[in-house]
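To start, the structure under review is shown below, and the notes come after it.
The values are calculated or read from the model by the stated rules, or taken from the named source; none is laboratory data. From a predicted model like this one, the values you see are computed outputs, not experimental measurements. Cβ placement follows ideal geometry from the backbone for every residue including glycine, while neighbour counts extend to all protein chains displayed. Please note that ligands, DNA and RNA were not included when accessible areas were found on the heavy atoms of the full protein model with its side chains. Shrake-Rupley method; radii C 1.70, N 1.55, O 1.52, S 1.80 Å.
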Amino acid sequence: MNGNSLYEMQRKLVPEMDDLLTKRFRLLQAIALQSPIGRRALADILQLTERDVRKETQILNDQQLIQIQVKGMVCTELGYTVLEQLKTLFNELMGISKKEQQLQTALQISKVIIVPSDIEQDVSTYSLIGKEAATLVMQKAQPNCKIAVTGGSSVGSIGPYLQPSKALQSAQFIAARGGIGDEMTMQANTLVAQFAERCHATYRTLFLPEHLSEQAYSAMKDEPIVKEMIELYDNINIVIHGIGDAMEMADRRQSTEQDKQLLLNKGAIGEAFGYYFDEQGQIVHHIRTIGIQLEQVQQSDLIIAIAAGASKAKSVQAYFKNAVKNTIFITDESAANAILENL
């Protein structure tokens, strides 16, 4: 009897095993990502009661998977080992591996990575996504590579998990777009500086408004610094980007009511790189921007697309009608389920 068959028999005898395994796996995973962390913060992140967290973390502590310290709970080396060894089994038993394969085939891309959570219910999902994306960047980066980065919370979640490597220390992180809205924390310019600092690498910013008027665009496109950025975009090796809801991105760009109505009339539902897509994946609008263009993205060696939450499902599907084969998509289970239901 193989491991999976044995597990199936155990599930028949102990039907609550799946829920218990999921709860403890996610608790251990959250502690590993957020440590040191207190019980109250852990309960808030996972939306559990403090009593439940106290009971389960005591068991994890008794099994030497975590240590409960004054400053908070931390994952032990044994805990990290258990997480790594159980990850594939957990994904297989929870049906995540099957969903990854189904999405990969449906979207016609090279790989899909699904984290077992719902970003709209559990904020620790950002950490799970960030860790997966950072691991991918560290694995795929080549010496002297150029990495274009857009903004947004999902892309920003990568930063804490990046580590210096021989390849990344010689890399250059490049802002894929200019400023958007008033919030600076998750702007592309801010993120490339953070990523570069984590990796001991260099970076280039694009301190221009992302959305330019026709007159401003005409005046700027022949400037030496702009020509230099365009040349950099022509030679990008890795692109890391998010996928947005069309109207949400229009709001962030402080678009006029006339422009928003235009997007609604044209059926825009998804956005990436300043391009707005309808349900069929047709580009229905494109803002004037000095940032990276879709054809430059498609020429890169690797594209890492990140989007999560069931509310993003239709936006993701619209974008992926244009995606190239060498794309790796990182998402959460809620978005994956919604996309599969829509297919």
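Data table
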read-out	value
Given (1) open to solvent by 30 Å² or more (accessible area, probe 1.4 Å); (2) touching a Cys at 6+ places or on another chain (Cβ under 9 Å), number of the condition Glu77 does not satisfy	(2)
Residue within segment 97-104 that is farther than 20 Å from Gly130 by Cβ, basic (Lys, Arg) and in a loop (DSSP other than H, G, I, E, B) present	no
Every residue from segment 78-93 that is touching a residue at least 60 places away in the same chain (Cβ under 8 Å) and either under 30 Å from Asn322 (Cα atoms) or in contact with a His (Cβ under 7 Å, 6 or more places away or on another chain) (or both)	Glu92
Residues within segment 323-337 that are of a type in the set (A, V, I, L, M) and surrounded by fewer than 19 Cβ atoms within 10 Å (Cβ to Cβ), tallied	1
Looking only at segment 243-255, and only at residues there that are in contact (Cβ under 8 Å) with a residue 60 or more places away in the chain and open to solvent by 20 Å² or more (accessible area, probe 1.4 Å), the one that is farthest from Ile287 (Cα to Cα)	Asp245
Among the residues listed as Gln142, Gln169, Gln163, the single one being closer than 21 Å to Thr202 by Cα, touching a residue at least 12 places away in the same chain (Cβ under 8 Å), open to solvent by 50 Å² or more (accessible area, probe 1.4 Å) and in contact with a His (Cβ under 8 Å, 6 or more places away or on another chain)	Gln169
Whichever residue in segment 257-302 is surrounded by fewer than 19 Cβ atoms within 10 Å (Cβ to Cβ) and in contact with a Leu (Cβ under 7 Å, 6 or more places away or on another chain) and, among such residues, is nearest to Asn322 (Cα to Cα)	His285
All positions within segment 28-86 that are under 24 Å from Gln121 (Cα atoms) and of a type in the set (Gly, Ala, Ser)	Ala30, Ala32, Ser35, Gly38, Ala41, Ala43, Gly72
Extreme residue, nearest to Asp332 (Cα to Cα), among residues of segment 105-123 that are part of a strand (DSSP E or B) and at pLDDT 95 or above	Ile114
Test: residue in segment 200-207 that is among the hydroxyl-bearing types (Ser, Thr, Tyr), farther than 30 Å from Lys23 by Cα and either modelled with pLDDT of 95 or more or under 18 Å from the mean Cα position of the chain (by Cα) (or both)	yes
Any hit, segment 55-62, residues being under 24 Å from the mean Cα position of the chain (by Cα) and open to solvent by less than 70 Å² (accessible area, probe 1.4 Å)	no
Any hit, segment 304-317, residues being farther than 17 Å from Val112 by Cβ, surrounded by 24 or more Cβ atoms within 10 Å (Cβ to Cβ) and either in contact (Cβ under 8 Å) with a residue 40 or more places away in the chain or β-branched (Val, Ile, Thr) (or both)	no
